[in-house]
Amino acid sequence: MIKLLLLCITLGPSLVSSQLNVPDTAPRNDVFEAFVSFSIEFSSLPDYAGNISNPNTYSDNLLENIRIISGTKPYVRVGGNTQDYALYDPSLPYALHGIVDPQRSLDYPTTVTIGPSYFESYSTWEGVKFSHGFNLALGASTESGWQTLLDTVPLACKALEGGKMYYWTYGNEPDLYAISAQGPVRDLLSWTEEAYVEQWLNGTRTIKALVEEHCPELTEDGVYGFLAPEFTMTTNPLKAPKAWAAGLNEDKSVKLFSKHKSVLLSLLRWDQLMLTYDSYISGADTPGVTLQGTLLNHEVTKASVDAHVSEYNSIVFSSSDSVPPLIFGETNSLYNQGRPGLSNTFGAALWVVDFNLYAASVGFKRVHMHMGTNYRYASWQPITTSVTPLGTKPPYYGNIFVAAALGNLLTSRATVVELPLPDSISSHPAAAAYAIYTSPAQYPSDQATLSRLVFLNLQGYNTTVDGEGLIPLEDPPERGSQTFVYILPTEVVPPGTRLRVRRLMANGSDAITGVTWDGWSYNHELDEGRPVRLGNVTTGETVVVREDGEVEVEVWDASAVMVEWGLEDMGYENE
């Protein structure tokens, strides 16, 4: 049986020198279409999407922006912790009723009831594929939970007919059920991988039987399946390799091997997490977590992703059958829905770029960035609440940058390769560089051709009091820069070629407003999230390839740059 091996493409030892030659081609390790995708908290879907009579067009505009660049709208996974709290009440006259228990979570309801109109939210965004999450935590352990599964499968599948179906999920982070900071729902001693697989198979087989009865077209090949196992940390009591060996994919219904993560959670063992229980519940600071040391640190980002790669590889090499492709089904910067002054800053947007491109370079095929109403790390706030105003947040600009770097994935396949850094910055954890290789979708080959470069200067630069993004400093320090120098293949980029330089910028890594991508703003107050070109931001910058193929680009501290050639239009008519 051929195994699906996770490729980690390197550029060879010859590049560990002052002359960094970027190869003209690379072995294909394509990402999937809709690589830039989202995960929305189950209880927040009505806020983000609205309903048939009152659709959230602002959210739709932000999704459409990504479609214009990447060829498809992001896929949306609907799940999260509240997926495993949701019970169904057929008489509920509105979409969702949630009760927040401050002792369990300040950010989302831990008692959740949904009604029939909840499923209207799946009809408000044209062209979006959805994954609906069913409740395993209560569904497999309580009578009301099981009845909810029986009642809602027909409603969900009907709502997702007509090309809106992505895949299903059953249970959110079941590896945390026995140690959840919001309250355990399984016994630690008896909650084993075998117990989980038994409950998962029982539930997913029931789901399939109900879908076959009510929506038979959604059981066809290529349409029906699950994202699983939806585990989070690789160090939790339940381990994904053991669950896989216990028969998780016995029915061959797992179509994408889906993992969850946050940077900080990935670096903690579950026993360490228990020691920070009070911080987790209260939202207090965890010692040692800073913007520069955690999010603006390429080595930390790599370590958090690599743990999942190693785990996945262990499954691939031990399995007698093919293992589905690897994705992040739910991920974002810091646990507990992010932290003010970190997850909602421009520094988090730079982290989004680094995290997504690095994940792509080591074999992740799609990334769903998680968000919810009032979440600090959300890409946008869909409605105004007493806590957070409606608006586009800095991380959204990171999503846009990643989409632009990968290009239109319907017309060309994209492979991401991490580049070694120039000697002058090679020992600095606050920098990263990537090459994007593409090949025409209609003419697949074993090799992809160099198409663009991405340079990230992750050195923090603060311009506000205490780095909170609120009060400007009267006399901010001078902004530094790093210079990225590479030798491009002259057969691809001839000497004298003028390369386009497009910048992701803000006043500093601590900025929470004023973010632009190549001079574009996606703020709600300008045109409800549609792209608006700002006249006070410099654009149209270029650099010229020298005779030996060398290209040199200065990148300001706390910023990112994309370098491309061909100067092709990126999709906006007024650009």
Legend entry - aspartates and glutamates with Cα under 14 Å of LYS261, excluding same-chain neighbours fewer than 8 positions away: GLU173, ASP175, GLU230, ASP306, GLU311, GLU330
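Taking only DSSP H segments of four or more residues, each worth -39500 (n - 2.57), what value at 222 nm results for the chain once the sum is divided by all its residues, to the nearest 500 deg cm²/dmol?
On the way: 12 runs with 134 residues, N = 575.
Calculated from helices alone, the mean residue ellipticity at 222 nm is -7000 deg cm²/dmol.
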Legend entry - Cα pair distances of segment 421-564 binned at 10 Å [whole percent]: 10, 32, 33, 19, 5, 0
Inset, instruction - With all protein chains present, calculate the accessible area of ASP101 using a 1.4 Å probe and round the result to the nearest 10 Å². - result: 60 Å²
Inset, instruction - Please sort through the DSSP H helices of the chain and keep those with an alpha-carbon extent of at least 15 Å along the long axis and a Kyte-Doolittle average not below -0.5. - result: 57-70, 143-159, 298-318, 346-361, 394-406
Inset, instruction - Could you order GLU220, GLU311, GLU198 by accessible surface area, starting with the largest, using a probe radius of 1.4 Å? - result: GLU198, GLU220, GLU311
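What is the chain's relative contact order, in percent, from Cα pairs under 8 angstrom and six or more apart in sequence? All intermediate terms of the calculation are to be shown ahead of the outcome.
Values: 1298 pairs, mean separation 98.7, N = 575.
17 percent.
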Inset, instruction - Report the net charge of residues surrounding LEU410, where surrounding means a beta-carbon distance below 12 angstrom and charges are Lys +1, Arg +1, Asp -1, Glu -1. - result: +2
Legend entry - For the chain, the Rg and Dmax computed from alpha carbons only, in angstrom: 23.1, 73
Legend entry - Whole-Å distance, taken between Cα centres, linking segment 392-438 and segment 64-127: 31 Å
Inset, instruction - Taking chymotrypsin sites (Phe, Trp or Tyr not before Pro) as candidate sites, keep only those in a DSSP loop with at most 16 other Cβ atoms within 10 Å, then name the longest stretch of the chain containing none of them. - result: 95-571
Inset, instruction - For the chain, give the percent of accessible area contributed by carbon and sulfur heavy atoms, probe 1.4 Å, rounded to a whole number. - result: 52 percent
Inset, instruction - Treating cross-link reach as a plain straight distance, find the lysines whose alpha-carbon is under 17 Å from the alpha-carbon of LYS259, omitting any fewer than eight places away in the same chain. - result: LYS239, LYS242, LYS302, LYS365
Inset, instruction - Give me the accessible area per residue for segment 421-564, probe 1.4 Å, as a whole number in Å². - result: 44 Å²
Legend entry - Per-residue SASA entry for ILE40, accessible area with 1.4 Å probe, Å² rounded to 10: 0 Å²
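The values are calculated or read from the model by the stated rules, or taken from the named source; none is laboratory data. Treat the numbers as computed from the prediction; the structure is a model and nothing was measured. No Cβ is skipped: glycine too gets one built from the backbone with ideal geometry, and neighbour counts run over all protein chains shown. Accessible surface is based on the protein model in full, side chains and every heavy atom, while ligands, DNA and RNA are left aside. Shrake-Rupley method; radii C 1.70, N 1.55, O 1.52, S 1.80 Å.
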